[in-house]
Each structure stands twice: as structure tokens, then as C-alpha cells.
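Here's the structure, in C-alpha cells; my notes come after.
Read the figures in this text as sums done on the coordinates, not as results from a lab. Every value quoted in this text rests on a predicted model; they were computed, and no experiment measured them. Ideal geometry is used to build each Cβ from the backbone, glycine not excepted, and the neighbour counts take in all protein chains shown.
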Amino acid sequence: MIRMRKVIDKDKPLPDHTVLDYDECCAKLILEDFFPDIYGQIEVSDSPDLRSEKNIGIEVTIANDEKMMQALNAWIKIPYADEQHRDEYIRIMEKCGVPFEGGIQSWPSIKVSFDLVRSAIEKKQIKLNKGNYSSEQRLHLFVLTDTWFCDEVINSAKQYLFADQKSQIGFERIYVFSMGIYLHVFDLTSETHYVIKIDNSEQTIRNIKAREMVENSFSMPLIRL
């Protein structure tokens with residue numbers, strides 16, 4: 001039996017569970033655009049999250065405060081919700097320490113620290129150490145975060161990645177996409193770091209394309225035997 005998945009409403013936030021992950025699609029588009037010689041074409045996969053035609057696997061993860069992510073996810077849905085769900089989303093925000101204000105929403109300040117990114121890397125290390133990947137495969141990591149990578153945070157990252165933990169991390173390259181505009185590149189092989197400031201309008205186009213990828217995958221037919 002063949003049936004179609006429910007189509008995603010283009011005017012509403014993406015559902016919590018989708019066939020393709022939006023952040024993985026964003027990472028794919030950024031890496032293809034900025035590093036075509038390294039990756040070539042990239043496909044969304046699983047274990048690793050992305051797989052390039054040049055046999056490089058890329059894991060993708062988010063390094064943000066979980067409560068703030070829950071509050072933001074609820075806040076985004078409020079304008080589209082019926083009364084019952086609206087009240088539920090407001091309660092979620094309150095439980096996360098972010099009272100709903102009904103107009104211009106204020107948010108707690110984000111701690112400027114490497115801690116969240118380091119924790120995200122360590123979680124991926126645990127997955128890596130379980131042996132879910134081919135020993136022949138080169139692995140990179142792409143981290144999305146709202147943390148501002150000031151000089152202090154960059155120095156903490158360099159100390160962690162290039163000195164303290166280099167032999168244990170297992171990823172050749174780690175990208176940190178900070179605040180949706182700064183792409184920090186940490187090459188663990190050469191122990192080098194540089195940053196690319198991404199044009200906001202160009203990234204908006206990528207974000208739209210990433211959402212379209214998610215929408216298109218969600219509308220593909222389901223085949224049930």
C-alpha cells in the first residue's frame with residue numbers, strides 16, 4: 001500500500017519530527033558551498049549524519065541550553081496554536097524560566113563560555129567510541145550554537161581541541177557555526193583555527209533551501225507492505 005505523508009504547512013513552524021533534520025540540511029549546504037574541494041556532494045545519512053562523496057562522514061549537533069531551546073520551540077508555536085495548546089506552550093516556557101510576555105519577548109542572557117560546545121563534542125565522542133563508524137572513514141563534526149565565540153571562548157576551544165584532548169577526540173575537523181553567522185573552523189590535524197563571517201542574506205537563502213528539503217522529504221510517499 002502506498003500513501004502520502006501529511007504535507008507540511010509552509011506558513012507554520014516545522015513539526016518536531018521530520019524525515020530530514022533541518023540543521024543537518026543547513027550544515028550540508030554550508031559545507032558544500034564553502035568547501036567543495038573537500039567534500040564535493042554531501043547527502044543526509046545516518047551514522048554519520050552526513051556523508052560526502054569523498055568518503056568523509058560529518059556528524060551534526062547543537063550546543064545550546066536545553067531549557068532555552070524548549071522555551072524557544074514553544075514560543076515559536078504560540079501564534080499558530082489553538083487556545084488549549086497555546087496555554088500548554090506558555091506553561092512550558094514558564095517551566096523553563098522564561099515567562100511569556102505576549103508582545104516583544106525578552107530572553108535570559110546566554111552565558112559566554114565554551115562549556116556547552118565542549119559538552120556537545122564529548123557526547124559525540126561517546127557515540128564515536130561505540131564503534132558505529134567504519135574504521136576507514138574520516139570523520140568531521142559540525143556544531144551549531146548560539147554561543148558568541150569571543151577571544152576567551154576561542155582560546156578555551158583551542159586549548160581543549162589542540163592540546164588537552166586532541167588524541168581522544170577522533171574528529172579531524174570541527175566546525176562551530178556560531179550565532180548563525182560565524183563559521184569557526186578548527187583543523188585538529190594542523191592545529192589551526194580560522195573564522196568565516198557568512199553573509200546574512202546568503203545564509204537566509206540556504207535556510208530557506210534547507211526548509212524546502214525538509215518539506216519535500218516529508219511529502220514523499222510511504223510504502224507499506
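Structure summary
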item	result
Highest-fluctuation residue, 97, 57, 180 considered, GNM on the chain with Cα pairs under 10 Å	97
Given 12/209; 77/123; 77/124, the pairs whose alpha carbons are separated by over 20 Å	77/123; 77/124
Cα centroid separation - region 68-119 against region 183-200, whole Å	30 Å
Choice from 199, 115, 23 showing the highest fluctuation, given a GNM over the chain with Cα pairs closer than 10 Å	199
Per DSSP, loop trypsin sites (Lys or Arg not before Pro) in region 86-189 with at most 12 further Cβ within 10 Å	111, 130
DSSP-loop chymotrypsin sites (Phe, Trp or Tyr not before Pro) across region 138-199, with at most 16 other Cβ within 10 angstrom	148
Added length on full extension, which subtracts the Cα-Cα distance from 0.36 nm per residue, residue 106 to residue 73	10.4 nm
Computed lengthening from residue 152 to residue 196, 0.36 nm per intervening residue step minus Cα-Cα distance	14.1 nm
Extension gain, residue 34 back to residue 7 (0.36 nm per residue minus Cα-Cα distance, nm)	6.6 nm
Sequence-distant lysines (8 or more away, or on other chains) whose Cα lies within less than 28 Å of residue 127	28, 54, 67, 111, 158, 166
Computed [θ] at 222 nm, deg cm²/dmol, the chain (DSSP H ≥ 4; -39,500 (n - 2.57); rounded to nearest 500)	-12000 deg cm²/dmol
Sequence ranges 26-34, 66-74, ranked by mean other-Cβ count within 10 angstrom, highest first	26-34, 66-74
Global form of region 23-129, assessed from the alpha-carbon gyration tensor, a/c cut-off 1.5	prolate
Cα gyration tensor shape for the chain, rounded if a/c is under 1.5, else prolate or oblate	oblate
